[in-house]
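Participant: Take this structure first; my questions come after.
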Number of protein chains: 2
Amino acid sequence: MAEPFTAPIDNFFNPRGVAVVGASATPGSPNNQIVQFAKQMSLNGKVFPVNPRSDEIVGLKCYPDLMSIPEPVDLVVIAVGAQHSLGVARQIARRRGEKGDAGAVAVVTAGFKEMATAEGEQLQSELIATIKASGARIIGPNCQGVADTYNGVNTTFSVPPNTPKGGVSVISQSAAFATSFLRWARDQKLVGVNKFVSLGNMADLDFRDLLAYMSDDEKTKVIAMYMEGIVDARGLIDISAKVTKRKPIVVIKGGKTSLGTNVAQSHTASIAGNNDIYDGAFRQAGVIRAQSVAEFYHTARVFDKMPLPKGNRIAILTVVGGPSTICVDELVSTGEVSLAHFSDELKKEAAKYLVASANIGSPDGYIDMTASVNPKMHTDVLRLLMNDDGIDGIIFMTTPPGFIKDDELAAAIAEGYNSVPDEKKKPLLSVMLAGNAVARCRTLLEEQGLPTFEFPDDAARVMVNMVRYSAYRRRNACQ
Amino acid sequence: MAEPFTAPIDNFFNPRGVAVVGASATPGSPNNQIVQFAKQMSLNGKVFPVNPRSDEIVGLKCYPDLMSIPEPVDLVVIAVGAQHSLGVARQIARRRGEKGDAGAVAVVTAGFKEMATAEGEQLQSELIATIKASGARIIGPNCQGVADTYNGVNTTFSVPPNTPKGGVSVISQSAAFATSFLRWARDQKLVGVNKFVSLGNMADLDFRDLLAYMSDDEKTKVIAMYMEGIVDARGLIDISAKVTKRKPIVVIKGGKTSLGTNVAQSHTASIAGNNDIYDGAFRQAGVIRAQSVAEFYHTARVFDKMPLPKGNRIAILTVVGGPSTICVDELVSTGEVSLAHFSDELKKEAAKYLVASANIGSPDGYIDMTASVNPKMHTDVLRLLMNDDGIDGIIFMTTPPGFIKDDELAAAIAEGYNSVPDEKKKPLLSVMLAGNAVARCRTLLEEQGLPTFEFPDDAARVMVNMVRYSAYRRRNACQ
């Protein structure tokens, strides 16, 4: 028998058809939700539930087994109990032999190596060996598989079908972590998503394979990863170093401590490895490592929404002194970012627009418009800062005064930002303190692609990350 | 002439009457808003706008000058332009001489020492000297004064009159920073506030005076401070060490870096001082120093809502592996917190309530109920953890499954928490990942006094702060 043809990873994201083996007719159950979401997302409607005890699930014809689906099936979701998974694997092998499709398999079933039993480990080995021998590739087991907002794929029961499209692709060892990110972001349009991969136990495909695939994916502008551990850390860093020459990778790593590692092991059977070694390796490879969940979420989404800064000279525009103090502290604390230098012309020009008590340039690079602001001042000063080549990025901070309406303020900020052509654009991060009181203004800005923040230090950390990555890119441009 | 009687600070928070000098009849202007808020908050209705050009402001009789107010006025708000402030100061002195009231003065006017001009500094000196010579005390200038939700006082134009009552008292050098906290918290009832003080330039009263006052204030359960700098740092630490034996102080410090210090100087003319020295001094005095705005907000509000942990043994209850890994990493990273030890009885009992695939005790102190949960499991396991004397605190994490309703989940958690009498209560922090999708469930819990979080590492940092402060209190109990 000839060596089996190894299927391309693209089968996961561009399948001609998707089979859900273990589909359930019970509304609200995870295995029913999977079919529902797959159907809602599908562009060609080629979703095939498989369950010998049902004729129809969520309005789709149900098949008794994988073999009986008459149309091409590139992606198979295994959602049966662990004890039945081997039988499905054998059907996949048979289908590949007879029809040549079924090249991508997402094993969402749990109960394998993560159980830390000899039985679980043995079952996983047999399952993976059977599928791999057929040349098909596997994501999982113990995962939620994949989603793709542009191609209309969803094998999960938790990625909302109405997730906004965008340039962020997520690769995660924790489905819960990644879907929380998407759900957190949805209402305010904070994040636009392209691809979503829940890796689970990584018995076949792991971060390396998905990174390589997404590196070539034009719609992926930034890759965001939640990682617990990987066997081939060297290989991960090598591929990461290649990817970061083209697009940013943001990572948050679980298992920094030995107790955290124990949790990760019980979760996805991962060996977290030495934290400091990962830290150094990420830095060398140009991977941006977030130290908190908030930093991870915001950095990933801002890399998608904003252009990279061309340097490290940042201007601060504010109406609030205390939050700006906190912001500047955070911004300059690593030594990678400076406040911009304001020319005399810029200061003179800014003074024309603002009240006499405004603070322009003390310290250099800093403007406090005071609470005596109107929308036009925002536009005028932002235009000035956007047009100045000595400024590489801007952080704007406000507690919007009651006398300025949300839509007026949002329009004024957007007008200032858009006063320069695209090639002159630089990152503008807007901090809107005051919680839900400014939710509408934030949403209006986010919808126009202008990222907003609740807290001044969150914005500062994101700007540091952008400056760091941009510097890495410039250093490694010609290699 | 006899030495003037120095008025008690209580005049700011329990005034028989409040005069607003410089009140404005223009709706929406700050000086109109001050009168509006003062009126809305007042319990006795004794608010007296002063402006020679108006007869009535927001429905209140307006007086031509301070002297003509026939009723007792304990608190005077100076809101005139800086150039007119000295005239008001002289009236205050006269009123104190003739009527003996006007003992508390909030100077909200700006344009003094923070301008960094000889003129601004000179004006501030004269103003303060004139008022102090009369025995009255001053908050400001360049501030928003005070608010008190229980006594019905508000001299600000930004503390919402409907701010929920509670045990957090805020002392801030930045009004914007502190009011952002209140506005951020209001909709979801995240924070209950008692007193609010915006200190501004601190020409008379500073952190030391307000700390001493709030230490004796029974309704103040925790003091939250935003600080840029203080001249008498030694005095601050001495009084703080006394206060922290009775109630927690949480601080966030602006001006960690020299550029941040420059911003602070332009803001409130503060000298920020050496960051490391503050750090060590705060630690010695038992003051909890937050490293981010989110940590500051959450720590302050949780100290108010939850009892202190009696030790450092924390249990984790979860349905989400990845976020729990991040949480445990953060929780144990400083070495001050351990995971609790589960007895065999506890594990056996927990197993009765949960599905077979649940992870109970791997690692020790950790329970993953898996996604196969129902509301009753939450109640049963929480009751078990609340009743176990080997556990000092609990962090619970979830992305609520679609099949559990918000109010059912909130009720189940509250029932588990309330299954023990008050003296056995321990902190329970609930992380509800998924943003606005769980906003209702979070609000239901917050309304019952159970704090919730968006991010797992935020909850972990708060728990570390509670354990740290509780250990400090035990070590310093008998001194």
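Participant: Can you compute log10 of I(q)/I(0) for chain B with the Debye formula, treating each Cα as one identical point scatterer, at q = 0.05, 0.07, 0.13 Å⁻¹?
Facilitator: -0.22, -0.42, -1.11
Participant: Out of all DSSP beta bridges in chain A, what portion is antiparallel? Express it as a percent rounded to 5. List each step's numbers first, then the result.
Facilitator: Working: 10 of 60 bridges.
So the antiparallel bridges in chain A amount to around 15 percent.
Participant: Also, quick follow-up: Once the label point is set 7 Å along the Cα-to-beta-carbon vector, what list of distances in nm do you get between B:Lys425 and its counterparts in the other copies?
Facilitator: Between copies, matching label points for B:Lys425 lie 5.0 nm apart.
Participant: Now a separate question. Along the range B:43-58, what does the Karplus equation 6.51 cos²θ - 1.76 cosθ + 1.60 (θ = phi - 60°) give for ³J(HN,Hα), rounded to whole Hz, x for Gly and Pro?
Facilitator: Along the range B:43-58, the couplings run 8, 9, x, 8, 10, 10, x, 10, 6, x, 9, 10, 9, 8, 9, 6 Hz.
Participant: What are the semi-axes of the equivalent ellipsoid for the range A:353-443, taken as the square roots of 5 times the Cα gyration tensor eigenvalues, largest first, in whole Å? Spell out each step's value before the answer.
Facilitator: Details: eigenvalues 82, 56, 28 Å².
One finds semi-axes of 20, 17, 12 Å for the range A:353-443.
Participant: Just the number, please: carbon plus sulfur as a percent of the accessible area of the range B:119-176, 1.4 Å probe, no ligands or DNA/RNA counted.
Facilitator: Values: 750 of 1600 Å².
Summing carbon and sulfur atoms, their accessible area is 47 percent of the total for the range B:119-176.
Participant: For the range B:31-186, what is the percent of antiparallel DSSP beta bridges, rounded to the nearest 5?
Facilitator: 35 percent
Participant: I want to verify the translational diffusion coefficient of the range A:1-146 in µm²/s; compute it with Stokes-Einstein, Rh as the Kirkwood radius over Cα pairs, at 10 °C and 1.306 mPa s.
Facilitator: Values: Rh = 15.1 Å.
So the translational diffusion coefficient is about 105 µm²/s.
Participant: Which one, B:Ile288, B:Thr334, A:Gly200, is farthest towards the positive end of the dipole of the protein assembly as shown when Lys and Arg carry +1 and Asp and Glu -1 on their Cβ?
Facilitator: In the protein assembly as shown, that residue is A:Gly200.
Participant: Which semi-axis lengths, in whole Å and largest first, follow from the square roots of five times the eigenvalues of the Cα gyration tensor of the range B:123-211? Walk me through the numbers before you get to the answer.
Facilitator: Working: eigenvalues 141, 29, 21 Å².
Here the semi-axes work out to 27, 12, 10 Å.
Participant: Just tell me how shielded B:108-117 is by partners: mean number of partner chain Cβ atoms within 10 Å of each residue's Cβ, no decimals. Intermediate values should be presented prior to the final figure.
Facilitator: Numbers: counts 0, 0, 3, 1, 0, 0, 3, 2, 2, 0.
What the average comes to for B:108-117 is 1.
Participant: Restricting things to alpha carbons, tell me how big the range A:39-113 is in terms of Rg and Dmax, in Å.
Facilitator: 12.4, 35
Participant: Divide by every residue of the protein assembly as shown the summed helix terms, -39500 (n - 2.57) for each DSSP H run of at least 4, and state the resulting mean residue ellipticity at 222 nm, rounded to the nearest 500 deg cm²/dmol. Intermediate values should be presented prior to the final figure.
Facilitator: Numbers: 32 runs with 378 residues, N = 958.
Helix-only estimate at 222 nm: -12000 deg cm²/dmol.
Participant: Kindly tabulate the residues in the range A:310-327 with an accessible-area decrease of at least 20 Å² between the chain alone and the assembly of all protein chains, using a probe of 1.4 Å.
Facilitator: In the range A:310-327, residues shielded by partner chains: A:Gly321, A:Gly322, A:Pro323, A:Thr325, A:Ile326.
Participant: Within 10 Å, count the other beta carbons around each residue, average over each peptide in B:464-470, B:401-407, and list them highest first.
Facilitator: Packing order, densest peptide first, comes out as B:464-470, B:401-407.
Participant: How many Cβ atoms of partner chains, on average, are near each residue of A:172-182 if near means within 10 Å of its Cβ? Mind dumping the intermediate values first?
Facilitator: On the way: counts 1, 3, 7, 5, 13, 10, 1, 5, 16, 3, 3.
Per residue, the average neighbour count from other chains is 6.
Participant: Continuing with the same structure: When averaged across all projection directions, what area in nm² does the alpha-carbon convex hull of the range A:3-75 cover? Display every interim value, and only then the final one.
Facilitator: On the way: hull surface 21.3 nm².
Over all viewing directions, the range A:3-75 projects a mean Cα-hull area of 5.3 nm².
Participant: Could you state how much accessible area is buried at the B-A interface, both sides summed, with a 1.4 Å probe, in Å² to the nearest 100? Working shown, then result.
Facilitator: Working: alone 19220 and 19200 Å², together 34020 Å².
Between B and A, the summed buried area is about 4400 Å².
Participant: To the nearest 20 debye, what is the magnitude of the charge dipole of the range B:280-399 about its Cα centre, counting +1 on the Cβ of each Lys and Arg and -1 on the Cβ of each Asp and Glu?
Facilitator: Details: 11 positive and 14 negative charges, 56 e Å.
The dipole of the range B:280-399 has a size of about 260 debye.
Participant: Is there a quick way to get the dipole size of the range A:403-479? I mean about its Cα centre, with the Cβ of Lys and Arg at +1 and of Asp and Glu at -1; what is the value in debye to the nearest 20? Numbers along the way, then the final one.
Facilitator: Numbers: 11 positive and 11 negative charges, 123 e Å.
The calculation lands at about 600 debye.
Participant: Calculate how large, on average over all directions, the projected area of the Cα convex hull of the protein assembly as shown is; give the answer in nm² to one decimal.
Facilitator: Numbers: hull surface 162.4 nm².
Average of the hull's projected areas for the protein assembly as shown equals 40.6 nm².
Participant: Which whole number in µm²/s is D for the range B:221-368 by Stokes-Einstein, with the Kirkwood Rh taken over Cα pairs at 20 °C and 1.002 mPa s?
Facilitator: Numbers: Rh = 18.1 Å.
Calculated translational D: 118 µm²/s.
Participant: Relative contact order of chain B, please, whole-number percent, based on alpha carbon pairs below 8 angstrom and at least 6 residues apart.
Facilitator: Working: 1027 pairs, mean separation 52.5, N = 479.
So the answer I get is 11 percent.
Participant: Whole-Hz ³J(HN,Hα) for each residue in the range B:441-458, computed from phi via Karplus 6.51 cos²θ - 1.76 cosθ + 1.60 with θ = phi - 60°, x for glycine and proline: what do you get?
Facilitator: Computed from phi, the couplings for the range B:441-458 are 4, 4, 4, 4, 6, 4, 4, 8, x, 9, x, 10, 9, 7, 10, x, 6, 4 Hz.
Participant: Ok, one more. Whose amide H sits under 5 Å from the amide H of B:Ala434, counting only residues 5 or more places off or on another chain, with H placed in the peptide plane?
Facilitator: A:Trp184
Participant: Please give the charge dipole size of chain B, origin at the Cα centre, charges +1 on K and R Cβ atoms and -1 on D and E Cβ atoms. Round to the nearest 20 debye.
Facilitator: Working: 50 positive and 51 negative charges, 118 e Å.
Result for chain B is approximately 560 debye, rounded to the nearest 20.
Participant: Kirkwood hydrodynamic radius for the range A:85-178: how many Å is it when counted over pairs of different Cα atoms?
Facilitator: 14.6 Å
Participant: ³J(HN,Hα) across the range A:162-178 via Karplus (A = 6.51, B = -1.76, C = 1.60, θ = phi - 60°), whole Hz, x for Gly/Pro?
Facilitator: So the J values, rounded to whole Hz, are 8, 4, x, 6, x, x, 8, 10, 10, 10, 9, 7, 10, 5, 4, 4, 6.
Participant: Would you work out which of A:Gly59, A:Gln40, A:Asn14 lies farthest towards the positive end of the dipole of the range A:1-114, given +1 charges on the beta-carbon of Lys and Arg and -1 on that of Asp and Glu, about the Cα centre?
Facilitator: A:Gly59
Participant: What is the helix-to-structure angle for B:118-133, meaning the angle in degrees between its Cα long axis and the longest Cα principal axis of chain B, kept from 0 to 90 and rounded to the nearest 10?
Facilitator: 90 degrees
Participant: To continue, here is another question. Determine the per residue accessible area of the protein assembly as shown with all protein chains present and a 1.4 angstrom probe, expressed in square angstrom. Walk me through the numbers before you get to the answer.
Facilitator: Values: 34020 Å² over 958 residues.
Per-residue accessible area for the protein assembly as shown comes out at 36 Å².
Participant: On to the next question. For chain B, take the longest principal axis of its alpha carbons; what is the angle in degrees between that and the long axis of helix B:30-41, to the nearest 10 within 0 to 90?
Facilitator: 60 degrees
Participant: Would the range A:29-69 count as rounded, prolate or oblate if I go by the C-alpha gyration tensor, calling it rounded below 1.5 in a/c and otherwise prolate when a/b exceeds b/c, oblate otherwise?
Facilitator: Numbers: a/c = 2.09, a/b = 1.31, b/c = 1.59.
Oblate is the answer for the range A:29-69, as a/c is 1.5 or above yet b/c matches or exceeds a/b.
Participant: Between A and B, which A residue has the Cβ nearest their rotation axis, distance in Å?
Facilitator: Closest to the rotation axis on chain A: A:Ala294, 3.
Participant: Taking A:His341 in one copy and the same position in all the others, each labelled 7 Å out along Cα→Cβ, what are the pairwise distances from the first, in nm, shortest first?
Facilitator: In ascending order, 6.3 nm.
Participant: Could you state the number of Å between the C-alpha centres of the range A:322-375 and the range B:232-279?
Facilitator: Comparing the Cα centres of the range B:232-279 and the range A:322-375, I get a distance of 23 Å.
Participant: If we hang a label 7 Å off Cα along the beta carbon direction at A:Gly280, how far is it from the matching labels on the other copies, in nm, shortest first?
Facilitator: From this label point to the equivalent ones elsewhere in the assembly: 3.1 nm.
Participant: Please compute the average number of Cβ atoms from other chains found within 10 Å of each residue's Cβ in peptide B:250-262. Walk me through the numbers before you get to the answer.
Facilitator: On the way: counts 0, 0, 3, 3, 9, 4, 7, 8, 4, 14, 11, 4, 7.
Whole-number average of other-chain Cβ neighbours for B:250-262 is 6.
Participant: Quick check for you: which residues of the range B:382-405 have the amide N under 19 Å from the point 7 Å beyond the Cα of B:Ala351 toward its beta carbon?
Facilitator: B:382, B:384-385
Participant: Moving to a separate point now. What angle do you read, to the nearest 10 degrees and between 0 and 90, between the alpha-carbon axis of helix A:344-353 and the longest principal axis of chain A?
Facilitator: The angle comes out at about 90 degrees.
Participant: Okay, moving on. Tell me, what are the semi-axes, in whole angstrom and largest first, of the equivalent ellipsoid of the range A:304-372 as set by the roots of 5 times the Cα gyration tensor eigenvalues?
Facilitator: Details: eigenvalues 94, 45, 28 Å².
One finds semi-axes of 22, 15, 12 Å for the range A:304-372.
Participant: Kindly state, to the nearest 0.05, the FRET efficiency for A:Ser343 paired with A:Lys424, given R0 = 25 Å and r defined as their beta-carbon distance.
Facilitator: Details: r = 17 Å, r/R0 = 0.68.
Rounded to the nearest 0.05, the efficiency is 0.90.
Participant: Ok, one more. Over 27 Å between Cα atoms: which of B:Lys348/B:Lys425; A:Lys189/B:Lys376; A:Lys165/A:Lys242; A:Lys132/A:Lys219; A:Lys305/A:Lys352; A:Lys39/B:Lys352 fall into that group?
Facilitator: Working: B:Lys348/B:Lys425 23 Å; A:Lys189/B:Lys376 34 Å; A:Lys165/A:Lys242 25 Å; A:Lys132/A:Lys219 29 Å; A:Lys305/A:Lys352 31 Å; A:Lys39/B:Lys352 38 Å.
In this structure, A:Lys189/B:Lys376; A:Lys132/A:Lys219; A:Lys305/A:Lys352; A:Lys39/B:Lys352 exceed 27 Å between Cα atoms.
Participant: Continuing with the same structure: Taking amide H atoms as placed 1.01 Å from N in the peptide plane, list the residues 5 or more away in sequence, or in a different chain, whose amide H sits under 5 Å from that of A:Met397.
Facilitator: A:Leu317, A:Thr318, A:Val319, A:Val431
Participant: Mind ordering B:351-359, A:260-268 by average Cβ neighbours within 10 Å, highest first?
Facilitator: Numbers: B:351-359: 14.8, A:260-268: 24.4.
Going by the mean number of other Cβ atoms within 10 Å, highest first, we get A:260-268, B:351-359.
Participant: Please provide three numbers in whole Å: the alpha-carbon extents of the range B:335-384 along the principal axes, with the largest listed first.
Facilitator: Ordered largest first, the range B:335-384 gives principal extents of 34, 21, 19 Å.
The values are calculated or read from the model by the stated rules, or taken from the named source; none is laboratory data. All values derive from a computational prediction rather than experimental measurement. As a convention, Cβ positions derive from the backbone with ideal geometry for all residues, glycine included, and neighbour counts pool all protein chains shown. Calculation scope for accessible area: heavy atoms of the full protein, side chains included, ligands and nucleic acids excluded. Shrake-Rupley method; radii C 1.70, N 1.55, O 1.52, S 1.80 Å.
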